[in-house]
Each structure stands twice: as C-alpha cells, then as structure tokens.
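Read-outs: derived from the displayed coordinates by stated rules, not from any lab. The structure displayed is predicted, hence computed values, not measured ones. Here Cβ is always computed from backbone atoms with ideal geometry, including for glycine, and neighbour counts include all displayed protein chains.
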Amino acid sequence: MKMLWFHLMPYLDLPEDFREKNPSVWVTIDSGLFDPVRAHAMYNDFMDELEYASQVGFDAICVNEHHSNGYGLMPSPNLIAATLARRTQDTAICVLGNSLALYNPPTRVAEEMAMLDCMSGGRLIAGFPVGTPMDTAYAYSQNPSMLRDRYREAADLVVKAWTTREPFAFNGRFNQQRYVNIWPRPIQQPHPPIWAPGGGSVETWDWCAQNDYCFCYLSYNGYKAAQTAMEGFWKVVDKLGKDRNPYRAGFLQFIGVAESRQQAIDLYTEPAEYFFGRSFHVDPRFAAPPGYTSEETQRAGLVGQIAMKRRNRGAEKMKEIIDNGYVVIGTPEDVVEQLREAATELNVGHLMLLLQYGNMNKELTNYNTRIFAEKVMPELRGLFSQWEDHWWPRPLPASQQQAPAPIGDGARKGGRNA
C-alpha cells in the first residue's frame, strides 16, 4: 500500500469567535483577517513539513488548489510543487490538483505539469479535480451547469496535448485552439498518472473507471461514512468488466497518533476542533449551486461534504469528531488497526493522510508525521502486495536524475557574476 502525506495549508490564525462573526471561511471571508507577514512564516513552515514527510519515507507528498478562502492557502499548487521538485529526490509529487475548468486555455495545465514532470525527473502525479462549488461557481464565476462538460473537455485536451507528437488544432465546445504544440513535454510516457479527486459523484466514478484513472475519495467524514461512495465506484468497475485492483482508488483520512490514546486526545483536540469549527465553516449558500450536482448523483442519494457536515452539526467537538470517525486517533497500534480496516473495507491502495490540520504548529505536525512513519507505516506496507500499482509515477533511473547542487561558493562559480 502507498501512503501519501497531504497538506491543505490552512490559515492558522482565525480568531476564536470566527464562526460567530463570519458566515463563511470561503468566498466572502474578511480579507482583513489575513496577515501577510504571518503568512510568510506559515508558508515556510508548511514547506518544511512537506519536505520532512519526504525525508521520513512517505511515498508521496500532496498539494491542491483552492481560492478565496482561509481553509487552504494554495491558489497555485504548481508553485509549491515546483519548489518541492528541487528540494526532494525520491518522493512522488502529487498535485491533486489543477481545477481544469478554471484554466483558459487548459493547455496551461498541460505545459506546467509537463514542466513539473521534467523538473522532478518523472515523479509527478497529475490530479484533475472538478473543483469545489465555492472555488468554481463563486470565486471564479463559472456556470455550475456547464462545469463538468468544461472539465471533461479540458482533460481531453490536456491528455491529447501530452500524447500527440505533431501540432494539432482543437475545436471543442469551450476551447478552440488553432495550434496545440506544448513545450516542454512530460518525461513519463504516454503521460503522468492521472488521479481524479471527488466527493462521490456518479459521473466521476464512471469517468475514472472508463479511462482507467485513479478515483480519490476526499472525505472529511471518516472511512465509515465513505463506504457508500466507494461501493458505488467498485460497482461501476465491475459493470465495465475491470479488475478490482485497489490501486484504482485512494482515500483521505485525518490522523492523530501519540504514545497513548489520552496523549493523542490532549494533543489533537485543539487542531481538530479548529478545523471542523473554523477552517471548514462554509456558508451553505455556497455549497450547492443549482446545476453543480447532477440529477443522477442526486437520485443515487449522494451528498457533498458540506451537506453531510450540516447533517452532523454536533461533530465540531472532539468527542463527536472521534465518535463519527472524522479523525483516526490513538496509539500507533490503534491507528494501524483502524487504517487496516479502512483500507480493506474500502479496497483502497492509496491512503492520503492529513497529519497537519487546523492550527497545528510545525513541532506537533512533525511529531505526528514521525510517529506515523516509524510505527504505523511499516505495519501497513504489506497490504495489497499481490497487486501492481499502474497509477504510480515512473521516474527516471537514479543514474539519470540531477541532484540539487549544494548552496555555496562552489555552486556559484561560472555564474553571471563570476
């Protein structure tokens, strides 16, 4: 099984009364709450945390894209991924991802991801999310009824740009380009592995299964609540006559691990309550614009993250957060047992772990990361070893990879000021 360290980069200093005085952490959040000087320190700590996860042995480090919010400070995950490409060497870099419908033209995504694949030596995982309604319909004013059609056309264009060797014209409903001829081109052939994160829409299941893309269920409601969505995906896989290779899927889970269960509760209560009470405080009017959720998905009884959160309004205090399974918490043995159950029940070969959340500082984040890497990860490695992961990067051999040069006088010789 593969384990990926996922960072949201949340704003750490939302006030205690944020929920009472602000209707939403997204779209209309008060810009006066943002301190750029504090953000300078946050970004550097966040980068340190991602690099530390690489150093202690996680298979991949993950970044993502969000806009106009205090939930995640990454409007451009490609910027973060570019720095990680230089500061890490043997860890996959998962950009999960670029919200394709927001790019005009989408060939910008094809170019930048190809550039990241070259910079990293072929370590890129290319994530293509539809995007939250807050980001797409409100922050970027896209028509929600056209969003998925725009998204799929953009994905087709990006893949064709990666795999077609001659310049070509593209005439779609939303994109018309006389010349498509991207430079640079990705190292991985025919293209980097494509992952599609989603909240459980029927269309995403179908699209991933038909194209052999990895479906990633990004749930904040715990693995027990995810069973309906994952069973739906695997039924689609069965219907198409494809194998149930667990690496077709991924799942996101909050983690809090410590030497004892009580210590874990003491350490992670404040960050967890901060996340579910402040970071994830979204005005319902932004959560479900007409046309965003298809009729088929509604008929299937699937609901989004915000709607599910509203059904469980009490789950903002630690007892309810734990009882509902939002955070897997306890000793290394406790966490191993729960994650083994989650991975087996959901049949997912890629576990994305949130080991930083809410207002968790760097010291606690690195502690959580280290304990997980040392005492949990080795116990889960053997799961699904009988399957081959076709959705993982294929980097250059070590002999062909360019290591970062050391910073110092020797590295500057021959430069423009030599």
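Within 12 Å, Cβ to Cβ, of residue 28, how many net charges do the neighbouring residues add up to if Lys/Arg are +1 and Asp/Glu are -1?
On the way: positive: 285; negative: 30, 283.
That sum, taken over residues with Cβ under 12 Å, equals -1.
Where a ≥ b ≥ c are the square roots of the eigenvalues of the C-alpha gyration tensor, would you call the range 2-412 rounded, which needs a/c under 1.5, or, failing that, prolate if a/b is larger than b/c, or oblate?
Values: a/c = 1.28, a/b = 1.14, b/c = 1.12.
Judged from the Cα gyration tensor, the range 2-412 comes out rounded (a/c under 1.5).
Using Cα centres only, tell me the gap between the range 236-252 and the range 153-173 in whole Å.
A separation of 27 Å, based on Cα centres.
From the Cα gyration tensor of the range 141-254, with a ≥ b ≥ c the square roots of its eigenvalues, which class applies: rounded if a/c is under 1.5, or else prolate if a/b is larger than b/c, or else oblate?
On the way: a/c = 2.23, a/b = 1.71, b/c = 1.30.
Prolate is the answer for the range 141-254, as a/c is 1.5 or above and a/b outweighs b/c.
Alpha carbon centre of the range 3-48 versus the range 267-285: separation in Å?
One Cα centre to the other: 11 Å.
Measure off 7 Å from each Cα along the Cα-to-Cβ vector at residue 270 and residue 160, then give the distance between these two points in nanometres to one decimal.
Roughly 5.4 nm, to one decimal.
Apply the Karplus curve 6.51 cos²θ - 1.76 cosθ + 1.60, θ = phi - 60°, to the phi angles in the range 260-273 and return the couplings in whole Hz, x for Gly and Pro.
Values, residue by residue: 9, 5, 5, 4, 4, 5, 4, 6, 9, 4, 4, x, 5, 5 Hz.
Considering only lysines 8 or more places apart in sequence, or on different chains, count the pairs in the chain whose C-alpha atoms sit under 22 Å apart.
12
Note down the relative contact order for the chain as a percent, whole number, built from C-alpha pairs under 8 angstrom at least six residues apart.
On the way: 747 pairs, mean separation 89.9, N = 418.
Averaging sequence separation for qualifying contacts and normalising by length gives 22 percent for the chain.
Could you give each residue of the range 56-70 its phi-based ³J(HN,Hα) in whole Hz, using Karplus coefficients 6.51, -1.76, 1.60 with θ = phi - 60°, and x for Gly or Pro?
Calculated HN-Hα couplings, in order: 8, x, 5, 5, 8, 10, 10, 10, 8, 10, 8, 9, 6, 7, x Hz.
Run the numbers for residue 51 and residue 143: contour at 0.36 nm per residue of separation, minus the present Cα-Cα distance, in nm.
Values: separation 92, 0.36 × 92 = 33.12 nm, distance 3.75 nm.
Answer, rounded to one decimal: 29.4 nm.
How high is the FRET efficiency from residue 238 to residue 401, r the C-beta distance, R0 30 Å, rounded to 0.05? Can you show the working numbers first?
Numbers: r = 40 Å, r/R0 = 1.32.
The value I calculate is 0.15.
For a test of the definition: using alpha carbon positions, the gyration tensor, and the 1.5 limit on a/c, classify the range 1-144 as rounded, prolate or oblate. All intermediate terms of the calculation are to be shown ahead of the outcome.
Numbers: a/c = 2.21, a/b = 1.31, b/c = 1.69.
Oblate, since a/c reaches 1.5 and b/c is not below a/b.
Along the range 381-394, what does the Karplus equation 6.51 cos²θ - 1.76 cosθ + 1.60 (θ = phi - 60°) give for ³J(HN,Hα), rounded to whole Hz, x for Gly and Pro?
With the stated coefficients, the range 381-394 comes to 4, x, 4, 6, 5, 7, 9, 9, 8, 8, 10, 10, x, 10 Hz.
Taking H placed 1.01 Å from N in the peptide plane, check which residues at least 5 places from residue 74 or on another chain put their amide H under 5 Å from its amide H.
66
Just how far, in whole angstrom, is the range 345-389 from the range 198-221 if you go by their alpha carbon centroids?
21
Work through the residues other than residue 343 whose Cβ is under 12 Å from its Cβ and net out their charges, Lys, Arg +1 and Asp, Glu -1. Write out the running numbers ahead of the final one.
On the way: positive: 2, 340, 381; negative: 337, 341, 345, 379.
Every neighbour counted, the sum reads -1.
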